Amino acid sequence: MTRITSIRGALSRFALVSLTTVLPATAPQAAETIKVGVLHSLSGTMAISETTLKDTMLMLIEEQNKKGGLLGKKLEAVVVDPASNWPLFAEKARELLSKDKVAAIFGCWTSVSRKSVLPVIEELNGLLFYPVQYEGEESSKNVFYTGAAPNQQAIPAVDYLMNDLKVQRWVLAGTDYVYPRTTNKILEAYLKAKGVKPKDIMINYTPFGHSDWQSIVAEIKKFGSTGKKTAVVSTINGDANVPFYKELGNQGIAADKLPVVAFSVGEEELSGIDTKPLVGHLAAWNYFMSVDTPENVDFIKKWQTFIKSTKRVTNDPMEAHYIGFNMWVKAVEKAGSTATDAVEKAMIGTEFPNLTGGIAKMNKAHHLSKPVLIGEIQEDGQFQTVWQTKGLVDGDAWSDFLPESKAIVADWTPPINCGNYNTKTKKCSGQKY
Amino acid sequence: MIGCLLIPALVKAESESTAFGNALSRLKDAPTADLPEAIERLATVDDPRVLAALNALLENRLYVVKGSGRIVSATTTGDGFDLTDLESGQSAGSAGRFDIKKIAINNTLRNAVKRLIARRELGAEDAGQRLQAVQALTEQADVESTSLLRARYPLEKDAAVRTAIGTALALADIGSADKATRLQAIRALEGNLDQQVRNKLAELVETREDGSFVEPDADVRNLAAAVISNLELKLQLNHLAETLFFGLSLGAVLLLAAIGLAITFGVMGVINMAHGELMMLGAYTTYVVQLLMPEHLDWSLFVAIPAAFVLSGLVGIGIERGIIRFLYGRPLETLLATFGVSLFLQQVVRSIFSPLNRSVATPSWMSGSVEINGALSLTLNRFYIIVFGLLVFWALLAILKKTRLGLEVRAVAQNRSMAKAMGIRTDRVDAMTFGLGSGVAGVAGVALSQLTNVGPNLGQAYIVDSFMVVVFGGVGNLWGTLVGGMTLGVANKILEPFAGAVLAKILILIFIIVFIQKRPRGLFPQKGRAAEG
């Protein structure tokens, strides 16, 4: 029955998408507006995840305009479609900054799209709010990272498995690209520092959209059946998760014997999966839709009213945009202008409540402080929080567990004013990010 | 004095009628930290209703009704829940999503509950249930479970359950302090391929970090080592069988994806880049069929297969009549035009069904696996896919060999003008052939919906593979497609454990490139006049 409603939801969403993308262009323009760029793929592979974020931005902008806009002006969304094509991201960013003169850009999902946008943003001195969990090892003056750094997702998840579930053997499985490779490098170094032997760590990479998981799952099963408690830490991306979990279920690997903790599977991804075989598997995020705080209930209600469907879910990157956008609004009000440099200065130290409790604060490295939650997948596609960090975790751009980045910090306040500062040599590397 | 005598009697009477209710209500009051104890307590109550309550807890069906505080088991219906009162076993009406609160458990508790259920089910009527209970207790052995198993052993009549209990007890006895018991236990486990047995035996011959043995006694160690080495050959054979099965099932997927193309590209010579999208349409047909018959998911595939064949076939005929027939003999234009068609079909699907993947349910008879022995189990969905792939292959072969359409198709493929001269309407044959190939692609899509994501990009993931198989097998030869698909599947699965998934794929591609250099016409080249065309 959920399937019937979801197709209905899909149809109404389609209608809505086509409406909203047309609206900003045809609506009579106010005398002066502040333009906000939305740079999310609406077609191609990444459309699955990014379309929702575009809708989130439209909702946030609409809300702000209802409150009277910003600095006495209305906000106007400029939506472009980079079509899951990485070079096109850079091109569209250039268009937004030089042609549309947007005050800030909210966008990108994959690390590779962010990396392709970076040079443009820095050259034209724009502002980018990046809402997705990523591998760290970067801090640009022109980017605010509102998603989780590895120490806000991967490290706490491993701590939970090690301390609470007493896991001794580790499978690090990921898709073959920069985020999983860097994250697994950090995790491997972390595990070894904790005294895990190399023979108890198995690392496996698969191509994007991998669908034949038989032998890999059989191998994981073999690796996990030595009697020692084993867990899979999965940085498998998007689509490939569905056949992966299906194969786990078919080969009889249940969550209570061999739990899989995923960093890229959220509510939105689960809505396209038959969740029965997944119950009990874990995910680590800074936000779950199921968290029962007044702010979150309010946010969900607003979202479902905006998107006109009570079946639509909320997820972590949506929260990141919610916090990022509201912080930007606060910073612009504080700075009294939308000029990049003034806003960038005002952003640092800005506070805004997380939807899951606590106050997020933008730190000197352009990362947020957030709580880390571990949840078990439920049959209804939601997560049930089973563990969470005591307080908030401050985002760390440069991992302390990699020898090459141990001494490096990012600090965008004087006197350091550098995204890549070596505390040993007291030098800022020439590299801007 | 009388009062003193009466009180214990009263307590007893009360405990019989409400002990269950009391233990149950503790579940809702307990904070998460105390939940394990509350569950443990519920399990000790001697009441037939306990089992139902524990099962409901394990399956996430146990809820507290907000307000009244009653504990019910709930099943979802449409927008709300149907409630069943656990104490009376009667229906307790229905409730909305916000009226009830789930009693949630985590993995650790789930394990504990499984063990508690298994202990209770050890005395169940059904032998299958008892076997499952024994297996669950073997996996999570503790002192109490072992003593329960020991007590059950002499009473057990069913042979399979008895063997399972014997294994569990032997595993427990390996940890015994008495050397003779340990030796006997190892002998009892001889020839057993079960993973747990192998782990336990392997532990015995391990050394600690300081070089001393985990097992102090040399006799026990030697016996364990001998038993392990006897298993080695058997294990390797099993491993080989498993790899072969994986390879054949991947081969079957490649075969299914390529066989439609073997008709359109192989027989007709049309480079159809929209072939993948025709498969995608088949997969979406499965999704829609499941929407239309939500009550009969188990049978939905049998409806979806003909539906997908007809839909993709009709779309294929449409493409042939509308576009391709104007482009015969111009392969480059055909390639570009069909590529355009593929983008068009993708966007249509994206617009109708959204860019999000759709969830297609797997029928219950296709989930899970069959255990051949302790070291080898075959997944059912893959098994059915192999069978299905071979069936489709056989059906196509029969059509081409035994029917009039098949005869005409072969005639047109071999010599178009001659066939025309013989009075064959080549236009019609072209359309029907293309429709047949497209329909088969749709059927392949139904099979793929069981293995991978149903989304707008499904087709793209398989188009390269399909061309690869057809070219490798030999253009225009169905047998070539069969052998080619299976060979590539098995080769991929043999390489994967050594090289990793990414490198295995690259190696296969390199192999095909080299192979095509040597034999440009593939494994089974066409001979005779048709080959010149």
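Among the residues of the stretch B:85-105, is any of a type in the set (F, W, Y) and in contact with a strand residue (DSSP E or B) (Cβ under 8 Å, 6 or more places away or on another chain)?
no
Scan the stretch A:352-397 for residues that are surrounded by fewer than 22 Cβ atoms within 10 Å (Cβ to Cβ) and among the aromatic types (F, W, Y) and jot them down.
Within the stretch A:352-397, A:F352, A:W387 meet the criteria.
Within the stretch A:33-54, how many residues turn out to be away from every other protein chain (no Cβ under 12 Å) and not in a strand (DSSP E or B)?
1
Of the conditions (1) buried (at least 21 other Cβ atoms within 10 Å of the Cβ); (2) modelled with pLDDT of 90 or more, A:H210 fails just one. Which one is it?
In the conditions (1) buried (at least 21 other Cβ atoms within 10 Å of the Cβ); (2) modelled with pLDDT of 90 or more, A:H210 misses (2) alone.
Looking at (1) modelled with pLDDT of 85 or more; (2) surrounded by 14 or more Cβ atoms within 10 Å (Cβ to Cβ), which one does B:A188 not meet, given that it meets all the others?
Of (1) modelled with pLDDT of 85 or more; (2) surrounded by 14 or more Cβ atoms within 10 Å (Cβ to Cβ), only one is false for B:A188: (1).
Please specify each residue of the stretch A:231-267 satisfying the condition of being touching a residue at least 40 places away in the same chain (Cβ under 8 Å), within 8 Å of chain B (Cβ to nearest Cβ) and part of a helix (DSSP H, G or I).
Within the stretch A:231-267, just A:D239 meets the criteria.
So B:E40 ticks every box in (1) closer than 16 Å to B:L109 by Cα; (2) in contact with a helix residue (DSSP H, G or I) (Cβ under 7 Å, 6 or more places away or on another chain) but one. Which box is left unticked?
Unmet condition: (2).
What is the one condition in (1) in contact with a Leu (Cβ under 8 Å, 6 or more places away or on another chain); (2) surrounded by 20 or more Cβ atoms within 10 Å (Cβ to Cβ) that B:F467 does not satisfy?
(2)
Would you point out the residue of the stretch B:329-355, among those that are assigned to a loop (DSSP other than H, G, I, E, B) and either within 14 Å of B:E277 (Cβ to Cβ) or without any contact (Cβ under 8 Å) to a residue 12 or more places away in the chain (or both), that is nearest to the other protein chains (Cβ to nearest Cβ)?
So, considering only residues that are assigned to a loop (DSSP other than H, G, I, E, B) and either within 14 Å of B:E277 (Cβ to Cβ) or without any contact (Cβ under 8 Å) to a residue 12 or more places away in the chain (or both), the one nearest to the other protein chains (Cβ to nearest Cβ) is B:S354.
Would you check which residues across the stretch A:110-127 are hydrophobic (A, V, I, L, M, F, W, C) and part of a helix (DSSP H, G or I) and list them?
A:V112, A:V117, A:L118, A:V120, A:I121
Which residue out of B:E295, B:E320 is among the acidic types (D, E), within 14 Å of chain A (Cβ to nearest Cβ) and more than 20 Å from the chain's Cα centre (by Cα)?
The match here is B:E295.
Can you tell me which condition A:T385 does not meet? The list is (1) free of Cβ contacts under 8 Å to residues at least 40 places away in the same chain; (2) in the same structural domain as A:K276 (by TED's automatic domain parsing); (3) of a type in the set (V, I, T), and all the others hold.
(1) is the only condition that A:T385 fails.
Test of understanding: among B:L204, B:L231, B:L248, which residue is in contact with a helix residue (DSSP H, G or I) (Cβ under 8 Å, 6 or more places away or on another chain), away from chain A (no Cβ under 14 Å) and surrounded by 14 or more Cβ atoms within 10 Å (Cβ to Cβ)?
Answer to the check: B:L231.
Out of the stretch B:479-500, which residues are more than 13 Å from chain A (Cβ to nearest Cβ), surrounded by fewer than 24 Cβ atoms within 10 Å (Cβ to Cβ) and either over 23 Å from the mean Cα position of the chain (by Cα) or more than 29 Å from B:W365 (Cβ to Cβ) (or both)?
Once the filter is applied, which keeps residues that are more than 13 Å from chain A (Cβ to nearest Cβ), surrounded by fewer than 24 Cβ atoms within 10 Å (Cβ to Cβ) and either over 23 Å from the mean Cα position of the chain (by Cα) or more than 29 Å from B:W365 (Cβ to Cβ) (or both), the stretch B:479-500 yields B:W479, B:V483, B:T487.
Restricting the stretch A:109-127 to residues that are charged (D, E, K, R) and surrounded by fewer than 21 Cβ atoms within 10 Å (Cβ to Cβ), which is nearest to A:M347 (Cα to Cα)?
Residue satisfying both the conditions and the ranking: A:E122.
Given (1) crowded, with 22+ Cβ neighbours inside 10 Å; (2) in a helix (DSSP H, G or I), where does B:T452 come up short, assuming only one miss?
In the conditions (1) crowded, with 22+ Cβ neighbours inside 10 Å; (2) in a helix (DSSP H, G or I), B:T452 misses (2) alone.
Consider B:R410 against the criteria (1) assigned to a helix (DSSP H, G or I); (2) within 15 Å of the chain's Cα centre (by Cα): it satisfies all of them except one. Which criterion is unmet?
B:R410 satisfies every listed condition except (2).
Starting from residues that are at the interface with another protein chain (Cβ under 8 Å from one of its Cβ atoms) and over 19 Å from B:G316 (Cα atoms), keep the ones in the stretch B:434-460 and report whichever is farthest from the chain's Cα centre (by Cα).
The extreme case among them is B:G455.
Out of B:L83, B:L109, I need the residue that is buried (at least 20 other Cβ atoms within 10 Å of the Cβ) and aliphatic (A, V, I, L, M). Which one?
Answer to the check: B:L83.
Condition (residue is under 30 Å from A:I416 (Cα atoms) and touching a Phe, Trp or Tyr at 6+ places or on another chain (Cβ under 9 Å)) applied to the stretch A:376-396: is it met by at least one residue?
Yes, the conditions are met somewhere in the stretch A:376-396.
Looking at the stretch A:167-212 only, could you name the residues that are among the hydroxyl-bearing types (S, T, Y), outside any strand (DSSP E or B) and within 14 Å of chain B (Cβ to nearest Cβ)?
The answer is A:Y177, A:S211.
Residue under question is A:G147, and the condition is that it be assigned to a loop (DSSP other than H, G, I, E, B) and modelled with pLDDT of 90 or more; does it hold?
Judged against the criteria, A:G147 is a match.
Taking B:A164 as the residue in question, decide whether it is surrounded by fewer than 18 Cβ atoms within 10 Å (Cβ to Cβ) and within 18 Å of B:D194 (Cβ to Cβ).
no
Out of A:I155, A:I186, I need the residue that is over 20 Å from A:F223 (Cβ atoms), of a type in the set (A, V, I, L, M, F, W, C) and in contact with an Asp or Glu (Cβ under 8 Å, 6 or more places away or on another chain). Which one?
A:I186
Looking only at the stretch A:74-91, count how many residues are surrounded by fewer than 24 Cβ atoms within 10 Å (Cβ to Cβ) and in a helix (DSSP H, G or I).
5
Pick from B:R358, B:R382: which is of a type outside the set (S, T, N, Q), within 10 Å of chain A (Cβ to nearest Cβ), within 17 Å of B:G489 (Cβ to Cβ) and out of contact with any Pro (no Cβ under 8 Å at 6 or more places or on another chain)?
B:R382
Taking the stretch B:164-215, which residues are assigned to a loop (DSSP other than H, G, I, E, B) and touching a Ser or Thr at 6+ places or on another chain (Cβ under 9 Å)?
B:I174, B:L189, B:N192, B:D194, B:V214
The values are calculated or read from the model by the stated rules, or taken from the named source; none is laboratory data. Predicted model only: the values in this text are computed from it and were never measured. Glycine also receives a Cβ, built like all others from the backbone with ideal geometry; neighbour counts cover every protein chain displayed.
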